[in-house]
């Protein structure tokens with residue numbers, strides 16, 4: 001039965017691979033400019049951030065995985081960082097926002113986002129590529145600002161159609177790893193997030209909260 005299931009899964013995977021020949025490369029993490037992700041940052045990296053101290057660094061590590069910019073902001077606020085200090089820190093460290101599903105509160109925590117930029121971010125949902133993002137956000141702001149904003153957001157991975165280059169763009173934050181590229185592809189076709197929780201959760205029994213972090217970055221269409 002195991003061999004039969006493996007054969008069926010292999011056939012399905014081949015079918016999806018054929019479809020990917022013409023599928024656009026859509027999902028990815030925005031091009032980064034050194035923005036630190038607090039869920040995976042090394043101690044030395046965290047220590048060099050503005051307004052960071054040992055107590056704040058420990059609180060962030062203890063809270064991992066931090067599942068949203070709002071949760072990050074709550075932790076830092078509880079450590080008595082002022083709004084100005086938090087904004088200065090967010091120029092260097094942030095939890096990325098799903099550009100297609102993020103909330104107004106999340107977007108407004110991104111340094112420099114005002115009502116005009118928020119409207120532009122939401123006006124072109126669902127974003128399909130970061131080439132589109134650069135074009136449309138440049139119209140609303142400037143090319144430099146569009147590039148700066150891009151590093152704060154991601155387009156979620158469609159589990160049934162992603163390619164290795166798409167997953168590779170998430171490597172720096174521990175999502176596009178060799179393991180998850182392999183496992184996300186192995187269980188195709190994906191039919192529900194309940195299936196994702198069940199099949200990927202098997203690999204995270206010792207770290208169940210990490211499943212919720214991975215879940216943020218994927219969708220099934």
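The values are calculated or read from the model by the stated rules, or taken from the named source; none is laboratory data. It should be emphasised that the depicted structure is a prediction, and the values quoted were computed from it without experimental measurement. Glycine also receives a Cβ, built like all others from the backbone with ideal geometry; neighbour counts cover every protein chain displayed.
On the basis of being modelled with pLDDT under 95 and touching a helix residue (DSSP H, G or I) at 6+ places or on another chain (Cβ under 8 Å), does residue 25 make the cut? Judged against the criteria, residue 25 is a match. Among residues of the range 125-142 that are touching a residue at least 40 places away in the same chain (Cβ under 8 Å), those with a Cβ under 8 angstrom from a residue that is exposed (fewer than 13 other Cβ atoms within 10 Å of the Cβ), sequence gap 6+ or separate chain, pair up as 128/24; 129/24; 130/31. Are any of the residues in the range 105-116 in contact (Cβ under 8 Å) with a residue 40 or more places away in the chain, buried (at least 16 other Cβ atoms within 10 Å of the Cβ) and in a strand (DSSP E or B)? Checking the range 105-116: not a single residue is in contact (Cβ under 8 Å) with a residue 40 or more places away in the chain, buried (at least 16 other Cβ atoms within 10 Å of the Cβ) and in a strand (DSSP E or B). Among the conditions (1) in the same structural domain as residue 63 (by TED's automatic domain parsing); (2) touching a strand residue (DSSP E or B) at 6+ places or on another chain (Cβ under 9 Å), residue 165 misses just one, which is (1). For the structure I just gave you, tell me whether residue 148 is within 24 Å of residue 35 (Cα to Cα), assigned to a helix (DSSP H, G or I), assigned by TED's automatic domain parsing to the domain that holds residue 99 and touching a residue at least 24 places away in the same chain (Cβ under 8 Å). So residue 148 fits the description; yes. Residue check: is residue 130 in contact with a helix residue (DSSP H, G or I) (Cβ under 8 Å, 6 or more places away or on another chain) and within 19 Å of residue 37 (Cβ to Cβ)? Yes: the conditions hold for residue 130.
For the structure I just gave you, tell me whether residue 185 is over 27 Å from residue 45 (Cα atoms), assigned by TED's automatic domain parsing to the domain that holds residue 63 and either within 19 Å of the chain's Cα centre (by Cα) or free of Cβ contacts under 8 Å to residues at least 40 places away in the same chain (or both). No; evaluated as a whole, the condition is false for this residue. Looking across the range 202-218, the residues that are more than 18 Å from the chain's Cα centre (by Cα) and either surrounded by 14 or more Cβ atoms within 10 Å (Cβ to Cβ) or under 12 Å from residue 183 (Cβ atoms) (or both) come down to 202, 203, 204.
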